[in-house]
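The values are calculated or read from the model by the stated rules, or taken from the named source; none is laboratory data. All values derive from a computational prediction rather than experimental measurement. Here Cβ is always computed from backbone atoms with ideal geometry, including for glycine, and neighbour counts include all displayed protein chains. Areas reflect the complete protein model, heavy atoms only, side chains present, ligands, DNA and RNA absent. Shrake-Rupley method; radii C 1.70, N 1.55, O 1.52, S 1.80 Å.
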Amino acid sequence: MMEELDLLKKDWKKNENSFEQVSEVDIYKMLHKKSSSIVKWIFYISLIELLLGIVINIVLSFTKYDTQSIDLYKKWGVYEFYIVITVLLYAVVLYFIYKFYLNYKKICVIDNTKHLLTTILNTRKVVKHYVIFNLTSFAVIFVTIFSVGFYHIYIDTMLKKGIEHPEISFKVVAISLLIIIIITSVFTFLFWLFYKVLYGILLKRLFRNYNELKKIDL
């Protein structure tokens with residue numbers, strides 16, 4: 001696709017005097033088509049990501065793992081938090097998918113360079129916000145659940161040892177939080193790498209189209 005674009009640009013320069021407007025239109029149409037395709041794939045990937053998450057949750061709901069997790073959340077007093085945060089997460093993700101869809105529909109009917117440039121920038125911004133939201137949500141939920149879980153496991157362990165009113169020392173709390181934060185950081189970084197590969201390639205291509213569009217003036 002890029003080779004075809006380069007050939008068009010070279011041909012445009014060779015015939016600058018007689019075919020300037022036609023060549024610009026050809027380049028615009030090609031960039032418009034490529035940009036529409038990229039935004040479409042961003043929408044499709046986010047939709048697949050959501051559906052995959054729903055399928056995994058449905059499958060897990062029929063396993064002992066899900067039952068044990070819910071029992072633990074209820075025991076730790078975070079079950080309501082888990083339900084509320086899950087509903088909010090799905091609602092926000094659906095909002096982002098809707099924004100991707102709107103950008104795709106908008107870019108398909110755009111007929112001038114200025115609006116196409118604006119839509120490309122807006123799409124890049126929405127994708128970045130989507131990734132930041134997902135990574136931040138994961139980190140907050142992971143730290144919260146594991147911190148509460150550690151506290152209750154520690155207390156239960158002390159009670160089993162015969163300590164009636166167990167207390168957690170500052171040293172234990174500090175070390176535990178440090179371990180949880182390190183584990184969370186590692187997993188968050190891995191998810192960031194995943195998103196960087198998944199959406200980063202598409203965003204780079206989209207930005208390359210943006211730079212090419214800035215060079216022409218319809």
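Summary of computed values
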read-out	value
Sum of -39500 (n - 2.57) over DSSP H runs of 4+, divided by residues of the chain (222 nm, nearest 500)	-32500 deg cm²/dmol
Crossing angle, helix 113-160 versus the chain [Cα axis fit, 0-90 degrees, rounded to tens]	10
Most fluctuating residue given options Tyr104, Tyr90, Tyr199, as computed from a GNM of the chain linking Cα atoms under 10 Å	Tyr90
Portion, in percent, of the accessible area of segment 34-154 that falls on carbon or sulfur, probe 1.4 Å	72
Contour excess over end-to-end distance, with Cα ends at Leu159 and Lys64 and 0.36 nm allotted per residue	31.6 nm
Extended-chain gain in nm, criterion 0.36 nm per residue less alpha-carbon gap, Leu121 and Leu52	22.1 nm
Cys108-Tyr79 FRET efficiency (beta carbon distance; Förster radius 35 Å; 0.05 resolution)	0.20
Greater than 28 Å apart at Cα, pairs in Lys64/Lys99; Lys105/Lys196; Lys74/Lys161; Lys75/Lys128; Lys75/Lys196	Lys64/Lys99; Lys75/Lys128; Lys75/Lys196
Euclidean distance of C-alpha centroids, segment 140-218 and segment 54-117, integer Å	17
Relative contact order (percent, whole number), segment 38-192, Cα cutoff 8 Å, 6+ residue spacing	24
In degrees, nearest ten, helix 2-14 long axis to first principal axis of the chain (Cα)	30
Rough spin-label spacing in nm, given labels placed 7 Å along Cα→Cβ, for Glu167 and Val148	2.5
Length released on extending from Leu88 to Lys33, taking residue separation times 0.36 nm less the Cα-Cα span	16.3 nm
Ranked by how many other beta carbons lie within 10 Å on average, peptides 116-122, 94-100, 166-172 from highest	116-122, 94-100, 166-172
Accessible area per residue in Å² at 1.4 Å probe, computed on the chain	66
